[in-house]
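Here's the structure we're looking at; comments come further down.
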Amino acid sequence: RPELAGRGFEALGVSLVIHPHNPHVPTSHANVRFFIAEKEGEEAVWWFGGGFDLTPYYGNEEDCIHWHRVAEQACAPFGADVYPRYKAWCDRYFHLKHRGEPRGIGGLFFDDLNEWDFDTCFAFIRAIGDAYVNAYLPIVQRRKGTPYTPQQREFQEYRRGRYVEFNLVYDRGTLFGLQSGGRTESILMSLPPQVRWGYDWKAAPGSEEARLTEYFLQDRDWLGQ
C-alpha cells in the first residue's frame, strides 16, 4: 500500500495453528487481524483480515462438509455472496505454486475488509472467530481416538512439509512479521514440531495417502457436490 507511506500504523492479530499428534485429526489454522494507519490531519485508514482453513492428512468427507457448512453459516448474515467469495479467495491463497497443489481443503480467507462500517466489520470478525471453534472441535472429538500406525504418522510428517513450505515461501503474515521486525520465535511458532521430506516420494496407487491428493486436495465445492 504505497499510498500509506509516511503514516504510523498499528497491527493487532490473533493466530491459532494446531498440529495434532494423531494423523487422523487435521491441522487447523485461524487468524483475525486489524490494521490501522494514521497521519495527523488526515482520516485514518483501517481494515480487517483473517479466516480459517483445514489441512487433513487422511481425508474424511464428513469433516470437509461440516467445516465448510459452518463457514457458510457464519458468513450468511453478512450477504449471500460472502462465503463463495472468501472460499474462492482461500483456495487461491493457500496454494503452493511450486507443487501445483493446495495446502488443504480450504475454508475462508479475506483481507482489506472495510466495505461495511466498522461495527459490522468487527461483528463479522467475531463471527469468524466463533465459527472456527464450532467448525474444528467436533472434528477433533470425532477423530482423536482413531488408531494409527507408525507409517501413518510418517505420512503426516511428510505432508507437514507442505505446510512449512507454504508458510516460509508464501504466507503474508509470516513475511510481514519478519520484515517488520517482529519476534522471530513467535512468528515461527506456526510451524509443526516434527516434519520430514522424502525425495520424489509417491503414494501407492489406490491408498488412503494417494486419495488425499487425488480427491480431497482438489478445487471442490464441498456444499454443492
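Quick note: the coordinates plus some simple rules give every number you see, no bench work behind them. Not measured: the values here are computed from a predicted model. Using ideal geometry, Cβ is built from the backbone for each residue, glycine included, and neighbour counts are taken over all protein chains shown.
Here are the numbers for the structure shown:
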{"read-out": "Ellipticity estimate at 222 nm from DSSP helix runs (n ≥ 4, -39,500 (n - 2.57)) divided over the chain, nearest 500", "value": "-12500 deg cm²/dmol"}
{"read-out": "Net charge dipole size for the chain [Lys, Arg +1 and Asp, Glu -1 on Cβ; Debye, nearest 20]", "value": "840 debye"}
{"read-out": "For the chain, the longest site-free run once trypsin sites (Lys or Arg not before Pro) in DSSP loop states with at most 10 other Cβ atoms within 10 Å are removed", "value": "1-96"}
{"read-out": "Space enclosed by the convex hull of the alpha-carbon atoms of region 2-216, per residue, Å³", "value": "133 Å³"}
{"read-out": "Proximal charge balance of Gln151 [Cβ under 12 Å; K/R count +1, D/E count -1]", "value": "-3"}
{"read-out": "Sorted by Cβ neighbour density within 10 Å, fewest at the top, the residues Leu168, Leu108", "value": "Leu168, Leu108"}
{"read-out": "Distance from region 201-218 to region 133-187 (C-alpha centre basis), Å", "value": "19 Å"}
{"read-out": "Under 23 Å from Lys202, Cα to Cα: lysines that are on another chain or at least 8 residues apart", "value": "Lys97"}
{"read-out": "Most positive-pole-ward Cα, His98, Ala204, Phe78, against dipole of the chain from beta carbon charges", "value": "Ala204"}
